[in-house]
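Read the structure below first, then the notes.
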Amino acid sequence: MIKDEEKNITVNRKARFEYTITETYEAGIVLNGTEVKSLRLGKANLVDSYGTIKNNEAWLLSLHISVYEHGNINNHDPVRDRKLLLNSREIRKLIGKTKEKGFTLVPLRLYFKNGKVKVELALAKGKKVYDKRESIAKRDYERDKERDFKN
């Protein structure tokens, strides 16, 4: 059995702090040639990007993929809207969930899987300030516990 090889391009670390993740989906993404070359160099930024559903199609907005340095005049626009490839059942489910108050689509990571670029998309709900404080306190407690265990 051949194991699927995955190589991370970029990870949205801030998303897990800002949002409570309820479900995750793996989606393909429609890209141009120079975008793929730029991703192979690791030139992407997921920080301000988000997903949306328009006309029964999933889209990833404001994903920044840097311009390919060795490209020509036909280079890509760094922050264009990119179509996501999900099956219709998943899109219908996401339409229902995103209509609920507070839910949004957040990309967690961008990675290569068997030579194809994939996006791990999360259905998430924004955390309140006190939830963030609770996450920080929990993280500090775990860090202190590990430090005490080592000593």
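Name the single residue, out of those in the range 26-39 being assigned to a helix (DSSP H, G or I) and touching a residue at least 40 places away in the same chain (Cβ under 8 Å), that is farthest from the chain's Cα centre (by Cα). Ranking the candidates gives THR34 first. Might you check whether a residue that is over 23 Å from GLU100 (Cβ atoms), in contact with a strand residue (DSSP E or B) (Cβ under 9 Å, 6 or more places away or on another chain), aliphatic (A, V, I, L, M) and not in a strand (DSSP E or B) occurs anywhere in the range 4-25? Among the residues of the range 4-25, not one is over 23 Å from GLU100 (Cβ atoms), in contact with a strand residue (DSSP E or B) (Cβ under 9 Å, 6 or more places away or on another chain), aliphatic (A, V, I, L, M) and not in a strand (DSSP E or B), which makes the answer no.
Applying the condition of being within 17 Å of ILE21 (Cα to Cα), of a type outside the set (A, V, I, L, M) and in a strand (DSSP E or B) to the range 113-151 and asking which residue is nearest to the chain's Cα centre (by Cα) yields GLU120. Search the range 58-101 for residues being farther than 30 Å from LEU41 by Cβ and of a type in the set (S, T, N, Q), and hand back the single one that is nearest to the chain's Cα centre (by Cα). The residue in question is THR98. Just give me the residues in the range 38-56 being surrounded by 13 or more Cβ atoms within 10 Å (Cβ to Cβ) and either among the acidic types (Asp, Glu) or over 23 Å from ARG13 (Cβ atoms) (or both), in sequence order. Residue satisfying the conditions is ILE53 alone. Of the residues in the range 21-44, how many are of a type in the set (A, V, I, L, M) and under 10 Å from HIS76 (Cα atoms)? Qualifying residue count, the range 21-44: 1.
Being of a type in the set (D, E, K, R) and surrounded by fewer than 16 Cβ atoms within 10 Å (Cβ to Cβ) is the filter here, so list the residues in the range 61-89 that pass it. Can you show your working first?
We begin by selecting, within the range 61-89, every residue of a type in the set (D, E, K, R); these are 69, 77, 80-83, 89.
Scanning the range 61-89 gives GLU69, ASP77, ARG80, ASP81, LYS83, ARG89.
State whether one or more residues within the range 133-145 are surrounded by 13 or more Cβ atoms within 10 Å (Cβ to Cβ) and either touching a Lys or Arg at 6+ places or on another chain (Cβ under 9 Å) or charged (D, E, K, R) (or both). Please lay out each step first, then the result.
At the first step, the residues of the range 133-145 found to be surrounded by 13 or more Cβ atoms within 10 Å (Cβ to Cβ) are 135.
Among the residues that remain, those that are also either touching a Lys or Arg at 6+ places or on another chain (Cβ under 9 Å) or charged (D, E, K, R) (or both) are: 135.
Taking every residue of the range 133-145 in turn, at least one turns out to be surrounded by 13 or more Cβ atoms within 10 Å (Cβ to Cβ) and either touching a Lys or Arg at 6+ places or on another chain (Cβ under 9 Å) or charged (D, E, K, R) (or both).
Listed by first and then second residue, the pairs with beta-carbon distance under 7 Å, at least 6 apart or on different chains, first residue in the range 51-80 and among the hydroxyl-bearing types (Ser, Thr, Tyr), second part of a loop (DSSP other than H, G, I, E, B), are SER62/ASP48; SER62/SER49; SER62/VAL79; SER66/LYS43; SER66/PRO78; TYR68/ASN75. The set of residues from the range 90-112 being surrounded by fewer than 14 Cβ atoms within 10 Å (Cβ to Cβ), of a type in the set (Lys, Arg) and in a helix (DSSP H, G or I) comprises ARG92, LYS99. Any residue at all in the range 94-110 that's in contact with a His (Cβ under 9 Å, 6 or more places away or on another chain) and not β-branched (Val, Ile, Thr)? There is no residue in the range 94-110 that is in contact with a His (Cβ under 9 Å, 6 or more places away or on another chain) and not β-branched (Val, Ile, Thr).
Quick note: the coordinates plus some simple rules give every number you see, no bench work behind them. All values reported here derive from a predicted model rather than from experimental measurement. Methodologically, a virtual Cβ is constructed for each residue, glycine included, from the backbone with ideal geometry; neighbour enumeration extends over all protein chains shown.
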